Every structure is written in structure tokens, then in C-alpha cells.
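Let me begin by presenting the structure, written as C-alpha cells, before commenting on it.
The values are calculated or read from the model by the stated rules, or taken from the named source; none is laboratory data. Given the structure is predicted, the values throughout are model-derived calculations rather than measurements. Cβ: placed from backbone, ideal geometry, glycine included. Neighbour counts: every protein chain shown. Note: areas computed on protein heavy atoms with side chains; ligands, DNA, RNA excluded. Shrake-Rupley method; radii C 1.70, N 1.55, O 1.52, S 1.80 Å.
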Amino acid sequence: STGAVWMDRNLGALETANSSTDDVAYGDLHQWGRAADGHEKRSSVTTSTLSSSDDPEHDDFISVHSSPYDWRSPQNDNLWQGVTGTNNPCPDGYRLPTEVEWQAEIDTWSNPDATGAFASPLNLPMAGYRTSGYGALSYVGLIGYYWSSSLDGPRSRLMIFDSGTAQMISAGRANAHSVRCIKD
């Protein structure tokens, strides 16, 4: 509806969603700003050792228990910025959407909630997320969490939806959420 071209599925998904709780369409869960290095797999092991570089050189989910809730120390605000952005996990010619692009999509939905998210051309499933503290899966099949490339101080912006709402919020970058890529 907005004229933007999006991938037909979440990164790591086997197929386009057939329902908002279609588990083969959930895909991977990425920590904000990290490359697709294996950490995004729902069953990746965890470590509590923060990375001091943009490439942790391992595929572990980095668990974080204190502010600013980022897998990288010091933080790097320049990750995932555009199609040539550092650690862009999207295929060639694609990138993470901005907060403005997500909001434009929400504004076209029949309902600003999970029903509208799935009924939209994006067919967005409620894939849940992995918590920053322990890497535990949460709200799978109940809430959709989708990263944007936009920042909010030490946090990053994401679009969430459930049975009652769809909105943009901020979260710590060590949380792992779905990624839906948009064509540049």
C-alpha cells in the first residue's frame, strides 16, 4: 500500500506466513546491529561476555543483565544503517526499515493490531522474541516484534503488535527480534 518493496518473509523463515502463528514463518531473532553470524538462531547458545567490536567472532547469543542492554561495549550507533550499513543482515539490495517506514505500513492496515499485521501485504507472524538477560524465548505466537534501523539514545526502535495494538517502541539492543527487510 505504501509502494515500498519488502521481502515476502522474515529473515530465516522457511516460507511466507499462512497464519499469524505459523511457526515455520517465524524466522530468526536478531540482536540489533549484529550480522547474521548464527546468534540469531532460536536455539543458539548464550554467553555473557560482551563484544568490544562489531564482529564478536562467534555465534553465541550475548546475554546482558545491565544498562544499556547492548551486546556491544562500547555501543556503536552506526550499525544497520542502510543497504551498505555495517552488519546489515539483509540480502543484497535490502536493508532494515526505518521507524518511519514501519509506521507508514501500520497506517495502511485494516486494524492496527495482529489481525491487521497478518492481513496486510506483509503477512507478519507473531514470532515472539529472545530476552536480553537469558536468551529465553518469550511471547512466541502472541506478539510480533520487528526491528527498525532507527535509534533512540542507547536503545533502538522496533514495531510491535499483538491482539490489541500495533505501535513503535524502544528496546535494548541485546534483545533479539524478527527482521523483515525492505528494498533500498
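Given H placed on each backbone N at 1.01 Å, which residues far from Y94 in sequence or on other chains put an amide H within less than 5 Å of it?
HN-HN under 5 Å from Y94: D184.
Hey, what do the phi angles of the range 109-120 turn into as Karplus ³J(HN,Hα) couplings, whole Hz, using 6.51/-1.76/1.60 and θ = phi - 60°, x for Gly and Pro?
5, 4, 9, x, 6, 4, 4, x, 4, 6, 6, 5
Give me a comma-separated list of calculated 3J(HN,Hα) values for the range 38-51, in order, Karplus coefficients 6.51, -1.76, 1.60 applied at θ = phi - 60°, integers in Hz, x for any Gly or Pro.
Along the range 38-51, the couplings run x, 4, 6, 5, 4, 10, 4, 6, 10, 9, 9, 7, 5, 9 Hz.
So, by mean Cβ neighbours within 10 angstrom, what's the order for 169-181, 151-163 with the highest one leading?
Highest-to-lowest ranking by the protection proxy: 169-181, 151-163.
Below 8 Å between Cα atoms, with a sequence gap of 6+, how large is the relative contact order for the chain in percent?
Values: 479 pairs, mean separation 51.5, N = 184.
About 28 percent, as a whole number.
Work out how much length D59 to A104 would gain on full extension: take 0.36 nm times their residue separation and subtract the Cα-Cα distance, in nm to one decimal.
Gain on stretching D59 to A104: 12.8 nm.
How do 118-127, 66-75 rank on mean C-beta neighbours within 10 Å, highest first?
Ranking, from highest mean packing down: 118-127, 66-75.
Rounded to the nearest whole Å², what accessible area per residue is found for the chain with the 1.4 Å probe?
So the chain comes to 42 Å² accessible per residue, rounded to a whole number.
Whole-Hz Karplus ³J(HN,Hα) for the range 88-95, in order, using 6.51 cos²θ - 1.76 cosθ + 1.60 and θ = phi - 60°, x for Gly and Pro?
So the J values, rounded to whole Hz, are 3, x, 7, x, 3, x, 10, 8.
How long, wide and thick is the range 73-144, going by the Cα atoms along their three principal axes, in whole angstroms, largest first?
39, 32, 19
Pairs of alpha-carbon atoms within less than 8 angstrom and 6+ residues apart define the contacts here; what relative contact order does the range 14-107 have, in percent? Show your work: numbers first, answer last.
Working: 122 pairs, mean separation 18.8, N = 94.
This gives 20 percent for the range 14-107.
Answer rounded, prolate or oblate for the range 63-112, using the Cα gyration tensor with square roots of eigenvalues a ≥ b ≥ c: rounded when a/c is under 1.5, else prolate when a/b is larger than b/c, else oblate.
oblate
Collect residues whose amide H, placed 1.01 Å from N in the peptide plane, falls under 5 Å from the amide H of T86; neighbours closer than 5 in sequence don't count.
W80, Q81
Per the Debye formula with a single identical scatterer at each Cα and no solvent contribution, what log10 I(q)/I(0) holds for the range 1-62 at q = 0.19 Å⁻¹?
-0.78
When 1/r is averaged over all different Cα pairs and the result inverted, which Kirkwood radius in Å belongs to the range 1-110?
On the way: mean 1/r = 0.0642 Å⁻¹.
It is 15.6 Å.
Leaving ligands, DNA and RNA out of it, report the carbon-plus-sulfur percent of the accessible area of the range 28-118 at a 1.4 Å probe. The partial results should precede the final answer.
Working: 1920 of 4180 Å².
That fraction is 46 percent.
Identify which of the listed values of volume of the Cα convex hull per residue in Å³ was calculated from the structure shown: (1) 197; (2) 99; (3) 107.
Computed from the coordinates, volume of the Cα convex hull per residue in Å³ corresponds to (2).
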